[in-house]
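One structure is given below, encoded as structure tokens.
We did not get these values from a lab; they are worked out from the coordinates using the rules stated. All figures in this text were calculated on a predicted structure; none of them were measured in a lab. All Cβ positions, glycine included, derive from the backbone under ideal geometry; neighbour counts span all protein chains shown.
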Amino acid sequence: MITRDVVVCDAKPIRLVQRLYLVEIVKGLAVTLRHFLGNLFARKYTVTVEWPEVKREYSERLRGRHILLTREDGSPRCVACYMCEEACPAECIHIEAEDVSTSPTIEFEKRPKVFTIDLLRCVYCGFCVDACPKEAIVMSRVHEMAFASREEAVVGLDQLLQKGPTETLNLGYRPYYGAPRSRIELPIPVKASARTGAEG
């Protein structure tokens, strides 16, 4: 039979200075003062970005505002399969389909008659992008959005559809990235145009 000795450790009594937390407060203030003076005089860059004059460069995988991609003829690539609506955990996507199978030149049967996303309800998880079999919906790196009312936050086809060539879009989270266009490094990169525009 194995017996183990029990060791009882009594905590050291707390002194009056420690009870008042004066030493800890002074230590915390010293750290704050050190960082303040370091940012003010010694450092070449600071963690704080002076937004909106200076804007941070974000990763190409950023999940921002949604974009519905289009075909060469300008029609939406979406075939109204409801996969994104079913995959959405926030239930912020609403689709109503219309039948287009009567046209002999069209390969698909349906297209979205109504496609809305409630941007205030969306959690920007990217599940809709992953679920889409046609790679019709992607996410941009546009994340600065402000709305005066809840109705403005519900965007439809006219606002979601791709405007301009894909190469000119500020694409974020999407199924295929291709060759990386930028690399995030420290110090935090900023857009040169925003800085020069602020100075001028």
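Between the range 103-158 and the range 21-45, the alpha-carbon centres lie 46 Å apart.
Counting only Cβ charges, +1 for Lys and Arg and -1 for Asp and Glu, the dipole size of the range 66-168 around its Cα centre is about 140 debye. Along the charge dipole of the range 5-107, pointing to its positive end and built from +1/-1 on Cβ of Lys, Arg, Asp and Glu, which listed residue (23, 9, 70) has its Cα farthest out? The residue sitting most towards the positive pole is 23. Sorted fewest first by neighbouring Cβ atoms within 10 angstrom, 139, 145 come out as 145, 139. With neighbour counts taken as other beta-carbon atoms within 10 Å, the residues 16, 33, 62 rank, fewest first, as 16, 33, 62. In the range 1-138, Cα pairs under 8 Å separated by at least six residues give a relative contact order of 21 percent. For the range 57-88, trypsin sites (Lys or Arg not before Pro) are listed when DSSP marks them as loop and at most 15 other Cβ atoms sit within 10 Å of their Cβ; the list is 61, 71.
One decimal place: the segment residue 94-residue 145 gains 16.3 nm when fully extended, by the rule 0.36 nm per residue minus the C-alpha distance. In terms of the Cα gyration tensor, with a ≥ b ≥ c the square roots of its eigenvalues, is the range 1-120 rounded because a/c is under 1.5, prolate because a/b exceeds b/c, or oblate? Oblate, since a/c reaches 1.5 and b/c is not below a/b. Classified by the C-alpha gyration tensor, the range 3-61 has an oblate form. Its axis ratio a/c, with a ≥ b ≥ c, is 1.5 or above, and a/b does not exceed b/c. Does the range 78-177 come out rounded, prolate or oblate, given a ≥ b ≥ c as the square roots of the eigenvalues of its C-alpha gyration tensor, rounded meaning a/c under 1.5 and, failing that, prolate meaning a/b above b/c? It is prolate, given that a/c is not under 1.5 and a/b is the larger ratio.
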